[in-house]
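Since the structure comes first, as structure tokens, the remarks are kept for the end.
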Amino acid sequence: MKAMKKILALALAGVMALALLTGCGTGGSASHKSIAKAMADHDNGLGNNMTSITYTSSPELDAKLQQLAADTRFETVVKAVYNGQSPTIPAGVLPTNKVVYLYCGKYDKDAGKQAINLNAWGHYTHIGSNSTLADERQIGLITTSFTDTNGEKVKVRFAVVVSDIPAATP
């Protein structure tokens with residue numbers, strides 16, 4: 001009977017130790033939905049009197065980014081956007097007759113910090129002639145990396161933000 005109690009006590013101690021460890025870890029990455037909300041919070045907080053900006057996470061744009069990432073030239077696109085340059089995007093990947101912005105910021109698991117990184121000065125560019133986004137926006141995201149000029153891999157979050165062309169104000 002004493003042996004059984006010792007085994008039971010040891011098993012219970014093991015279970016308690018495992019339960020304690022479940023609270024440890026690095027945590028998960030920010031979801032696309034939480035980054036979309038953080039981007040809206042960021043843009044609404046810019047003091048531009050536009051408090052109704054919304055971002056919606058778009059699985060369609062995520063898929064378009066996956067398609068773009070399969071292209072061997074994608075790393076060049078990522079580097080260009082990260083450095084504030086306008087990249088050449090293969091035809092048919094991004095929507096036409098829309099306002100399209102590309103963002104590239106250092107990867108962060110926290111949605112708020114990720115929104116700040118994506119909006120950092122010089123880490124975004126617009127595609128096309130119209131640069132004014134409407135209040136309702138869709139966002140697609142992908143995590144990727146590129147090699148910088150020092151030969152180091154830089155992990156980034158790449159985003160495409162799309163909106164209708166805003167109606168002209170009288």
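With a 1.4 Å probe and all protein chains left in place, how much of the accessible area of segment 62-170 comes from carbon and sulfur atoms, in whole percent?
In segment 62-170, the share of accessible area belonging to carbon and sulfur is 48 percent.
Give me a comma-separated list of calculated 3J(HN,Hα) values for segment 135-151, in order, Karplus coefficients 6.51, -1.76, 1.60 applied at θ = phi - 60°, integers in Hz, x for any Gly or Pro.
The phi angles translate into 5, 9, 10, 10, 9, x, 9, 8, 9, 8, 8, 9, 9, 7, 5, 8, x Hz.
Can you compute the modelled spin-label distance between Asp110 and Lys33, with each label point 7 Å from Cα toward Cβ, in nm?
2.2 nm
Enter the accessible area per residue of segment 79-160 (Å², integer; probe 1.4 Å; all protein chains in place).
Value returned for segment 79-160: 51 Å² of accessible area per residue.
For segment 29-170, compute Rh as the Kirkwood radius over C-alpha pairs and then the Stokes-Einstein diffusion coefficient at 25 °C and 0.890 mPa s; write the answer in µm²/s, rounded to an integer.
Stokes-Einstein gives a translational diffusion coefficient of 161 µm²/s.
The values are calculated or read from the model by the stated rules, or taken from the named source; none is laboratory data. Keep in mind the model is a prediction, meaning the values are calculated, not measured. Neighbour counts run over all protein chains shown; Cβ positions are idealised from the backbone, glycine included. We work out accessible area using only protein heavy atoms, side chains counted, and drop any ligands, DNA or RNA first. Shrake-Rupley method; radii C 1.70, N 1.55, O 1.52, S 1.80 Å.
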